Amino acid sequence: MKKLSTLVLAICLTAITINTQAQIVTPQQSPKSTLTQKVGLTDFTVIYSRPGVKGRVIFGDLVPFGQTWRTGANESTKFSFTEDIILDGKTLKAGDYAIYTVPNKDIWDFIFYKNTTHWGNPEVWKEEDVALRVKIKPATISKVETLTFDFANVTNNGADLVLS
């Protein structure tokens, strides 16, 4: 009976070892990040993955001008807020949106998309899922290694969502 107990224990320990080895987690190439900010009475959250430049030319090459970009890596960047907001004079209803952009040299389209479940760009783009589209003039900044969202110029009445 003693030998059988040892054999059963050895089998259990082997199973535990195999299971724990299968749970090794490695860092993501584009780590996930969450940004939260209260502006007045509105809570904002941006959940996104942060791709790195890694010596590459991003806009106009890796991300072609004139094509829809998921504005991050991996799953779609999710932008959420608790109260209706005004962007470029247009109202965007409170809720959750995926952010897509169409970068160009002189002007970018920022698109707030109702369906937030996509991994990357939607396979089929549905214009009826576009909640709002605004045009933004990009500014030149110093080098940034990883995609970053931030809130700047925060007041009780507004803030700038900055994409670097």
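Each value in this text was obtained by applying a stated rule to the coordinates, not by laboratory testing. Values in this document were obtained by computation on a predicted structure and should not be read as measured data. Here Cβ is always computed from backbone atoms with ideal geometry, including for glycine, and neighbour counts include all displayed protein chains.
Just tell me the longest site-free run in the chain, where the sites are GluC sites (Glu not before Pro) in a DSSP loop having at most 15 other beta-carbon atoms within 10 Å.
Segment 1-82 is the longest.
Given the convex hull over the Cα atoms of the chain, what projected area results after averaging over all orientations, in nm²?
One quarter of the hull surface, i.e. the mean projection, equals 15.0 nm².
Multiply the residue separation of residue 123 and residue 105 by 0.36 nm, subtract the distance between their alpha-carbon atoms, and state the gained length in nm to one decimal.
3.9 nm
Could you work out [θ]222 nm for the chain from helices alone, using -39500 (n - 2.57) per DSSP H run of at least four and dividing by all its residues? Round to the nearest 500 deg cm²/dmol.
On the way: 1 runs with 20 residues, N = 164.
Only helices count here, giving -4000 deg cm²/dmol.
When only DSSP loop residues count, what trypsin sites (Lys or Arg not before Pro) in the stretch 83-164 have their Cβ near at most 13 other Cβ atoms within 10 Å?
Passing sites in the stretch 83-164 are 93, 105, 126, 143.
Just 132, 147, 41 to compare: in a GNM of the chain, with alpha carbon springs under 10 Å, which one fluctuates most?
In this elastic network of the chain, the residue with the biggest mean-square fluctuation among 132, 147, 41 is 41.
From the phi of every residue in the stretch 59-68, what ³J(HN,Hα) in whole Hz does the Karplus formula 6.51 cos²θ - 1.76 cosθ + 1.60 yield, where θ is phi - 60° and glycine or proline is x?
7, x, 9, 4, 10, x, 4, x, 10, 5
May I ask you to derive the relative contact order of the stretch 48-164, considering only C-alpha pairs under 8 Å and at least 6 residues apart, and to give it as an integer percent?
Value for the stretch 48-164: 23 percent.
Between residue 23 and residue 114, what is the FRET efficiency for a Förster distance of 35 Å, r being their Cβ-Cβ separation, to the nearest 0.05?
Numbers: r = 35 Å, r/R0 = 1.01.
After rounding, the FRET efficiency stands at 0.50.
Please work out whether the stretch 21-68 counts as rounded, prolate or oblate from its C-alpha gyration tensor, where a ≥ b ≥ c are the square roots of the eigenvalues and a/c under 1.5 means rounded, while otherwise a/b larger than b/c means prolate and anything else oblate?
oblate
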